[in-house]
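Engineer: Handing you this structure, nothing more for now.
The values are calculated or read from the model by the stated rules, or taken from the named source; none is laboratory data. In this text the structure is predicted, and so the values were computed from the model without any measurement. Here the Cβ is made from the backbone with ideal geometry for all residues, glycine too, and neighbour counts use every protein chain on show.
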Amino acid sequence: MTEIVLDRVSRWFGNVVAVNDVSMRIGPGVTGLLGPNGAGKTTLMAMMTGFLAPSSGEVTLDGRPLWRNTDAYRLIGLVPEREISFGYLTGRQFVRANADLHRLPDAAAATERALERVAMVEPAGRKIDTYSKGMRQRVKIAAALVHEPAVLMLDEPFNGVDPRQRMELMELLRQMGEEGHTILFSSHILEEVERLARHIEVVVSGRHAASGDFGAIRRLMTDRPVQYFLRSDDDRALATLLVAQPSVRAVRFTDAGIDVEVSDLGQFAHGLPRWARERDLLLREVSPSDESLESVFSYLVAR
Ligand SMILES: Nc1ncnc2c1ncn2[C@@H]1O[C@H](COP(=O)(O)OP(=O)(O)OP(=O)(O)O)[C@@H](O)[C@H]1O
């Protein structure tokens, strides 16, 4: 069993604090690292793979510090977000170069095994420049897997990958998680993380905001107060009935209608059509006004 532990880890670049006092454990199975752009996911992964030293705190792999621990690097594979800059190589040459860098005893056989694992044997003779985004992602994964590491980290692996290839990549990662590998992938898309991850860690503005299975994270996100914009044929009458509802926290008139802050979305969504019918009110518009992921994340941080 391979476990990566972050203990009060921070990393700053000049006066930018990219990661701020984060503690978490990443164990076997698939974990999703969820956070908006600039949250610090890439910096966290760089520290968890030994590419970057923490400014303070410690990252350990099975109890041993990761930084400058060359033995640990043999247990870890990283699939970075950036594109392969050696597009003139064939997929096979690229994976083989990584096998050689690891000084694997049978680099040729290891290369073929890794290509098979990601179903890229057939196109492996072609130049990477001719690959689709999904194929390039696969080759990057093969290169990261060539030394058969126990831990695989992937930075935004599904960005720009078409839906069919995304499903196939997810299936591959799921299988590897079931085999007992420790898999961590980052994403800024909740649905993506929910579909694949057994466990989710949420980071926002460099801080650890939440942790749990997708049910727990989803609940945190849906239990927060939400803003709705409503318009009806009699907004004053609508406001009067809304303020009487326990699920409504605040009502405010705007030029175009009314803004409503809802504390219990379930009750509000079920009740609203009934309340309007009972008073003979015609609802002309009901729309969420702050459904962006950023607002969900800010709520989590402010808790
Ligand atoms: N080498 C660096 N020098 C200066 N600032 C940096 C450096 N690397 C990261 N940062 C800053 O640290 C913060 C976190 O960046 P990071 O790339 O880790 O976030 P992220 O969650 O991976 O975002 P994205 O998904 O956009 O890549 C950002 O404000 C970024 O500008």
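Engineer: Filter the range 172-204 for residues that are touching a Leu at 6+ places or on another chain (Cβ under 7 Å) and among the polar types (S, T, N, Q); which is surrounded by the fewest Cβ atoms within 10 Å (Cβ to Cβ)?
Structural biologist: Out of the qualifying residues, it is SER187.
Engineer: Report those strands (runs of 3 or more DSSP E) wholly inside the range 1-116 carrying at least 2 residues which are touching a helix residue (DSSP H, G or I) at 6+ places or on another chain (Cβ under 8 Å) and surrounded by fewer than 16 Cβ atoms within 10 Å (Cβ to Cβ).
Structural biologist: Numbers: elements: 4-13, 16-26, 29-34, 56-61, 76-79.
In the range 1-116, no matching strands (runs of 3 or more DSSP E) lie anywhere.
Engineer: Please work out which residue is nearest to the chain's Cα centre (by Cα), limiting yourself to the range 267-303 and to residues that are modelled with pLDDT under 90 and assigned to a strand (DSSP E or B). Before the answer, list the steps.
Structural biologist: Of the range 267-303, the ones modelled with pLDDT under 90 are 267-270, 286-303.
Restricting the remaining residues to those that are assigned to a strand (DSSP E or B) gives 286-288.
On the way: VAL286: 30, SER287: 27, PRO288: 24 Å.
Ranking the qualifying residues of the range 267-303, first place goes to PRO288.
Engineer: If you don't mind, there's one more thing I want to ask. From GLY38, GLY29, GLY50, GLY57, which residue is at positive phi, within 15 Å of the ligand (Cβ to nearest atom) and assigned by the TED database to the domain that holds ARG207? Show your work before the answer.
Structural biologist: Numbers: GLY29 fails: within 15 Å of the ligand (Cβ to nearest atom); GLY50 fails: within 15 Å of the ligand (Cβ to nearest atom); GLY57 fails: within 15 Å of the ligand (Cβ to nearest atom).
That would be GLY38, the only listed residue that is at positive phi, within 15 Å of the ligand (Cβ to nearest atom) and assigned by the TED database to the domain that holds ARG207.
Engineer: Hey, among the residues in the range 1-15 that are among the hydrophobic types (A, V, I, L, M, F, W, C) and modelled with pLDDT of 95 or more, which one's farthest from the ligand (Cβ to nearest atom)?
Structural biologist: Applying the first criterion (among the hydrophobic types (A, V, I, L, M, F, W, C)) to the range 1-15 yields 1, 4-6, 9, 12-13.
Okay, now just the ones that are also modelled with pLDDT of 95 or more, so 4-6, 9, 12-13.
Numbers: ILE4: 17, VAL5: 19, LEU6: 14, VAL9: 12, TRP12: 8, PHE13: 3 Å.
This residue is VAL5.
Engineer: Let me ask something else. With the checklist (1) without any contact (Cβ under 8 Å) to a residue 40 or more places away in the chain; (2) within 16 Å of the ligand (Cβ to nearest atom); (3) not polar (S, T, N, Q) in hand, flag the one item ARG219 doesn't pass.
Structural biologist: Every condition holds for ARG219 apart from (2).
Engineer: Residue by residue through the range 225-277, note down the ones that are loosely packed, with under 13 Cβ neighbours inside 10 Å, aliphatic (A, V, I, L, M) and free of Cβ contacts under 8 Å to residues at least 24 places away in the same chain.
Structural biologist: VAL243, ALA244 - these are the residues of the range 225-277 that are loosely packed, with under 13 Cβ neighbours inside 10 Å, aliphatic (A, V, I, L, M) and free of Cβ contacts under 8 Å to residues at least 24 places away in the same chain.
Each row is one residue, and each column tells you yes or no for (1) more than 25 Å from VAL22 (Cβ to Cβ); (2) hydrophobic (A, V, I, L, M, F, W, C).
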site	(1), (2)
GLU179	yes, no
THR182	no, no
PHE185	no, yes
ILE189	no, yes
GLY206	no, no
LEU230	yes, yes
VAL243	yes, yes
